[in-house]
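Participant: Sending over a structure as structure tokens; questions will come in a sec.
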Amino acid sequence: MTARARPSPIGPTRLVGRMADVLAIDGAPYPMAGALAAAVRGRQQLDRSSYAKTLGLDIATVDAAESGHTPLRELPDPIAERILWLGLDLTTLAADPAA
Amino acid sequence: MLTTDDPLERLMSAMATGDLAALWEFHETFEPKLRAVVLANIRSMHRPDIASDRDRVDALTADAAVVIFDRAAGWQPGGAKPWNWAARAIRSMVAADIGHRSVELGNDDILDGEADAVRSAHSNGADLTIERLASIDPALTILEDAYRSVSSERDQQAAWLFRVQKVNGDPSPAHTVADEFGISPAYARKIHERHFARVRAAVLEEDRYRPLRALPWFAA
């Protein structure tokens, strides 16, 4: 069995791009930011209510972020701080057209 | 939302409502299962070259998760596992992707509006600059500094274009960079590898770059 030296960012990066595609088709103004916010909650493995409580946010704020209605640079700190640890290629962060 | 203790049923149920966080968790949790199905399909198509291409398989595995996400509403708990239930759709996706290099595929199954929306989800490569990345998060200004601290200006640009093309799904970023800079694909690949190796070495060796060491780009 071949050992993997480092986790590849390709799969997670590809997935977050596809998630952004879904939001873009739905008309989200900031699809990449929304995809990243959703990925953060996916990593936490929490439903919206528990996640919002854990991060000290209200559900409306979480929903706005995950639906792509919040620009990347305006995401709440508890969400934004966790994006860098998703294992993505960092170029993804520059892909939000309104960032 | 949580109606079952079975993580698979819970995630499929959430994905059926369009929950993208569930898609991420589904991919993280069941990635080995999805990868096995993708690899079986690639091998059955007699493409060992692609089966051994880790990046390509990673990308196809992520796409397989999306195939299941798109169909989650039709899945029945207690039935076949989703990756078996959606096997034909996954195979079609793999075949379409593998055929991309040699067969010009149409986009007839994508509505014009959808295609425009998908394109709008990603800036073009020229917008994805290292400076822009730094402007998004001030903490990443030291990343820009590290990136600029090694190699020539041309090599920095070539290496960045290579990476952006790769992330955006270019099946041959080396050829794209080669065309852009008037060099051979092999040299383009070498520039990319050399530049990022130098950046990584700088980050690991120089104390001012210490905050970058835990980032996925540089983690051991």
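Participant: Can you name the residue in region B:207-220 that is away from chain A (no Cβ under 13 Å) and either in contact (Cβ under 8 Å) with a residue 60 or more places away in the chain or buried (at least 16 other Cβ atoms within 10 Å of the Cβ) (or both) and, of all such residues, is farthest from the chain's Cα centre (by Cα)?
Facilitator: B:208
Participant: Just to be sure before I move on: is residue B:183 surrounded by 15 or more Cβ atoms within 10 Å (Cβ to Cβ), assigned to a loop (DSSP other than H, G, I, E, B), outside the structural domain of residue B:61 (by TED's automatic domain parsing) and among the aliphatic types (A, V, I, L, M) in the structure I sent?
Facilitator: The answer is yes for residue B:183.
Participant: Sticking with this one: For region B:25-44, name all the residues that are aliphatic (A, V, I, L, M) and loosely packed, with under 15 Cβ neighbours inside 10 Å.
Facilitator: The answer is B:36, and nothing else.
Participant: Hey, another quick one. State which residue is surrounded by the fewest Cβ atoms within 10 Å (Cβ to Cβ) when the search covers only region A:44-86 and only residues that are part of a loop (DSSP other than H, G, I, E, B) and modelled with pLDDT under 85.
Facilitator: A:85
Participant: Got a number for residues in region A:10-43 being crowded, with 24+ Cβ neighbours inside 10 Å, within 7 Å of chain B (Cβ to nearest Cβ) and of a type in the set (Val, Ile, Thr)?
Facilitator: The qualifying residues number 1.
Participant: Return the total of residues in region B:158-189 being under 26 Å from residue B:208 (Cα atoms) and more than 14 Å from chain A (Cβ to nearest Cβ).
Facilitator: Residues in region B:158-189 being under 26 Å from residue B:208 (Cα atoms) and more than 14 Å from chain A (Cβ to nearest Cβ): 1 in total.
Participant: Just one of A:47, A:58, A:63, A:77 is over 30 Å from residue B:166 (Cβ atoms) and within 7 Å of chain B (Cβ to nearest Cβ); which is it?
Facilitator: None of the others qualify; the one that does is A:47.
The values are calculated or read from the model by the stated rules, or taken from the named source; none is laboratory data. A quick note: this is a predicted structure, and the numbers were derived from the prediction, not measured. Quick reminder, even Gly has a Cβ in these numbers, built from the backbone with ideal geometry, and neighbours come from all protein chains shown.
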